[in-house]
Each structure stands twice: as C-alpha cells, then as structure tokens.
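Chemist: Below you'll find the structure I mean.
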There are 2 protein chains.
Amino acid sequence: MKTYPETINKLLNTLSHLPGLGPKSAERIVFHFLKQDDKFTREFVKNLTDLKKEIKTCSQCFNITVNDPCFICQDTKRDCHIICVIAEPQDVLIIEKTGEYKGLFHILGGVLNPVEGITPDKLKIKELISRIKTSPTPIKEIIIATNPDLEGESTAMYLTRHLKPLNIKISRLAKGLPMGSTIEYADEVTVSNALKGRQTL
Amino acid sequence: MKTYPETINKLLNTLSHLPGLGPKSAERIVFHFLKQDDKFTREFVKNLTDLKKEIKTCSQCFNITVNDPCFICQDTKRDCHIICVIAEPQDVLIIEKTGEYKGLFHILGGVLNPVEGITPDKLKIKELISRIKTSPTPIKEIIIATNPDLEGESTAMYLTRHLKPLNIKISRLAKGLPMGSTIEYADEVTVSNALKGRQTL
C-alpha cells in the first residue's frame, strides 16, 4: 500500500476542492467518515442533497432563500429606499445581527478579481443598476459594503463609477480601528483610515 | 433573516462534527456547495457513498482495505515474523513511504484515553495477542509505533506489559531530534530523549 485505495483518493480529491481544506485535513475527514457508522454518512448526504434542492437565489436581491422573493425582499416593514450592496450571502447575516440596518440588500456574488477571471459581467452589477432604475419606490442611497481589501476596494470603485450617473447617494462602510484593538499594534493603513475618517465629538 | 434557513443549519451542524472544522469553515463549505453546480455535489455524494460501501477493515491487521485480507497481509514477500503496531490506518502509509519496513502491521484503531472513554477493550489489543499466539509463522518482534505523546506512551506501556509474557522482542520507535531541527529550539524532553537514545558511531 504505497497509496490509498482509489475510492479514498477520489473522495480526497473532491474534498480538496472545498475551501480551507488541505490534504491533511481532507485525510482526517475521510477517516472520520470511515470510523462513523453508516447513519452519520446517510444523514450528511441527505442534508447536503436537501441543501442543493431547497436553497434558491432570490430573483430580486440574489440572496440565498427557500422562497422567492426572499424574506427580506418580501418584508413590507423594511426601508425600500436604501440598498446595501454586499459580496456574498454570508455577509447579510453579519449586517442583520447588528440590528442597525433596516433597508434592502443586493448580493453581487463575489468581488472583481481579474486574475481569477471574475470580471464585472460575472457579478450582479447590471442587475443592480436595472433594479435601481425600475424600483417601484425610488432608491435614495446605495451603501457599498464590500471588504476593505484590494478586491473589495476596486469593486467599490467600479460600482461608484457606474452608479454615479444615476444621481443617488453612494456611501461606503467606515474604515478605522476595530473595537477592542490597540493603536500600537494597528497597521499604518488602518491608522491612516482612522485619521481620515475621524468624527467630530 | 436573523439566522440561516433550516436546511443550511442542518448541514452546518453535520459539518461541525467533522474533525478540524469550526463554525466559520463549515459556513464557507456550505456556501461553496451552494455556488457550485449540481454535478459537483452529485460527484461528492457518489464518492462518499462509494467510500462507505467499498472500504472494509482487514480481518487480520484491521487496516482499511477494498479486499479482505488486505494487500499487505496477502503479500507473500513481506516479513511475517514482525508486526508494527500503529494507532490509525493513516500511519501505515507514512511508514510504507519510508521503504524501511517490510513486515506486517496491526492497527489498534486508536490509543488509550480514559477521559474520552477509550479503554483497552475498545482497541484491537486482544486481537493482537491472539494473532501473535495463532500466527502460522512465529512472531519474533513487535514494533510499537504509537505517537510519542501522553496517550501514545501510555498505550505503548500497556501493550508492553501485556505482550511481555509472550516472550518476544518488543521495540518502540526511536525518540530524538527530528531531521532539520535546531537543538537550540528543541524542548527539554526531546533533547533528553536524544541523549538517552544516543547511538555509538
């Protein structure tokens, strides 16, 4: 046995495509499945199949959802004049948890990354523009909430350039020192952003 | 959406049982499955189901195998007088890759860990003893190759105590400085082991 049986290698190969899994962690997972009873695997397979069957994309905001349109787009109590543009559906939950935001969302499905072939047409940008143009209630503000990193920043810049002609307020999440951090250990760009964005008390 | 749909939570819960996955990495995997086409999931499910269907345990050495007895136990060119006792099937491949070992293996299926309820009867220890006693070729040496940590050491001690009466040579993998390491940064126990196990040149 200089190598694993073909069946194991095949699963190792599929596992290695999942984010965050290296060859060693994939191996540990395969042996975990082998150690567990069949019930565990059956349940896992069922949950995964159900996921792919039941979870759809909202036709308005492109969030993940069981019903279309999604819970947020259907909610009449939300502020329909404001759209928060985010990269991935995961970010919706993070913003919702703050309890600060009552508007709508628009999920781009990623950020611009020419190296990985993610060009503007791969993201839901033209859908955003036509959504703003055809919205029954006029959109007053677009909050761009992509990550403050290279790809997030260039996506924000691209969006700003293409949304400017629509003549609505465009804002971006504040950049500065995270809560609980120490200025001593903060990087220069973060401190520089905190200075630029300083608030009058 | 203060929380994910039930379907997602169910898969997140199953994923969190896999070794090495925290809530955040489980989330990333779920969203990866949602982003990929159905073919990816179908292939994953097939590979996982095949794994559980095809991979068995060798009735002699308890290694994972497609055929019983396994490749190594069937190989007539191997030295049948020597058995290397290891904790998990993964370790077989590591030892095989050295090309240094031509004997047989015996997989315990874990190490002693009373806190987690892994008592001697949970491991293939009595199977090892009866295998030694009933072996068609007399066993001349048992190499204990459990990890040099607390559980591995106590398993080795337990095995030694129970194998001594059989009157065969019992050995343990050498403990010392790993290749490429620096004595300056090695811990005391490692250096102490390297001293105790020093070899005459």
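The values are calculated or read from the model by the stated rules, or taken from the named source; none is laboratory data. Keep in mind that this is a model prediction, so the values were computed, not measured. Please note: Cβ atoms are built from the backbone with ideal geometry, for glycine as well, and neighbour counts cover all protein chains shown.
Chemist: Determine whether segment A:132-144 contains at least one residue that is within 27 Å of residue A:189 (Cα to Cα) and touching a helix residue (DSSP H, G or I) at 6+ places or on another chain (Cβ under 7 Å).
Modeler: Yes: one or more hits.
Chemist: Return yes when residue B:41 is farther than 18 Å from residue A:25 by Cα, facing chain A (nearest Cβ under 9 Å) and touching a Phe, Trp or Tyr at 6+ places or on another chain (Cβ under 7 Å) and no when it is not.
Modeler: Here the answer is yes, as residue B:41 does meet what is asked.
Chemist: Out of the residues in segment A:57-68 that are over 14 Å from residue B:5 (Cβ atoms) and surrounded by 14 or more Cβ atoms within 10 Å (Cβ to Cβ), which is farthest from the chain's Cα centre (by Cα)?
Modeler: The extreme case among them is A:60.
Chemist: I need a count of the residues in segment B:163-176 that are exposed (fewer than 14 other Cβ atoms within 10 Å of the Cβ) and under 12 Å from residue B:142 (Cβ atoms).
Modeler: Residues flagged as exposed (fewer than 14 other Cβ atoms within 10 Å of the Cβ) and under 12 Å from residue B:142 (Cβ atoms) within segment B:163-176 amount to 5.
Chemist: Just checking, does segment B:34-53 include any residue being in a loop (DSSP other than H, G, I, E, B) and polar (S, T, N, Q)?
Modeler: Looking through segment B:34-53, at least one residue is in a loop (DSSP other than H, G, I, E, B) and polar (S, T, N, Q).
Chemist: Just the residues that are among the hydroxyl-bearing types (Ser, Thr, Tyr) and either surrounded by 12 or more Cβ atoms within 10 Å (Cβ to Cβ) or in contact with a Lys or Arg (Cβ under 6 Å, 6 or more places away or on another chain) (or both), please, taken from segment B:182-194.
Modeler: The answer is B:190, B:192.
Chemist: Related question: Given (1) more than 13 Å from chain A (Cβ to nearest Cβ); (2) touching an Asp or Glu at 6+ places or on another chain (Cβ under 8 Å); (3) farther than 24 Å from residue A:28 by Cβ, where does residue B:112 come up short, assuming only one miss?
Modeler: The failed condition is (3).
Chemist: Kindly indicate which of A:54, A:27, A:100, A:43 is more than 18 Å from the chain's Cα centre (by Cα) and modelled with pLDDT under 90.
Modeler: The unique qualifying residue is A:100.
Chemist: Still on this structure, please answer the following. Somewhere in segment A:30-40, is a residue aromatic (Phe, Trp, Tyr) and closer than 30 Å to residue A:156 by Cβ?
Modeler: No: zero hits.
Chemist: Name the residues in segment B:1-29 that are assigned to a helix (DSSP H, G or I) and either closer than 30 Å to residue B:108 by Cα or more than 7 Å from chain A (Cβ to nearest Cβ) (or both), would you?
Modeler: B:6, B:9, B:12, B:13, B:14, B:15, B:23, B:24, B:26
For (1) in contact (Cβ under 8 Å) with a residue 12 or more places away in the chain; (2) closer than 26 Å to residue A:69 by Cα; (3) more than 24 Å from the chain's Cα centre (by Cα), each residue gets a yes or a no:
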{"position": "A:117", "(1), (2), (3)": "no, no, no"}
{"position": "A:120", "(1), (2), (3)": "yes, yes, no"}
{"position": "A:124", "(1), (2), (3)": "yes, yes, no"}
{"position": "A:133", "(1), (2), (3)": "yes, yes, no"}
{"position": "A:141", "(1), (2), (3)": "yes, yes, no"}
{"position": "A:152", "(1), (2), (3)": "yes, no, no"}
{"position": "A:168", "(1), (2), (3)": "yes, yes, no"}
{"position": "A:177", "(1), (2), (3)": "yes, no, no"}
{"position": "A:190", "(1), (2), (3)": "yes, no, no"}
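Chemist: A further question on this structure: Determine which member of the set B:118, B:82, B:55 is in contact with a strand residue (DSSP E or B) (Cβ under 6 Å, 6 or more places away or on another chain), within 30 Å of residue A:42 (Cα to Cα) and aliphatic (A, V, I, L, M).
Modeler: One residue alone meets the criteria, B:55.
Chemist: Please find, among A:83, A:95, A:72, the residue that is of a type outside the set (Asp, Glu), surrounded by fewer than 20 Cβ atoms within 10 Å (Cβ to Cβ), more than 9 Å from chain B (Cβ to nearest Cβ) and closer than 30 Å to residue A:157 by Cβ.
Modeler: Just one listed residue meets the conditions, A:95.
Chemist: Answer yes or no: is there a residue in segment A:138-157 that is surrounded by 17 or more Cβ atoms within 10 Å (Cβ to Cβ) and over 25 Å from residue A:73 (Cβ atoms).
Modeler: There is at least one residue in segment A:138-157 that is surrounded by 17 or more Cβ atoms within 10 Å (Cβ to Cβ) and over 25 Å from residue A:73 (Cβ atoms).
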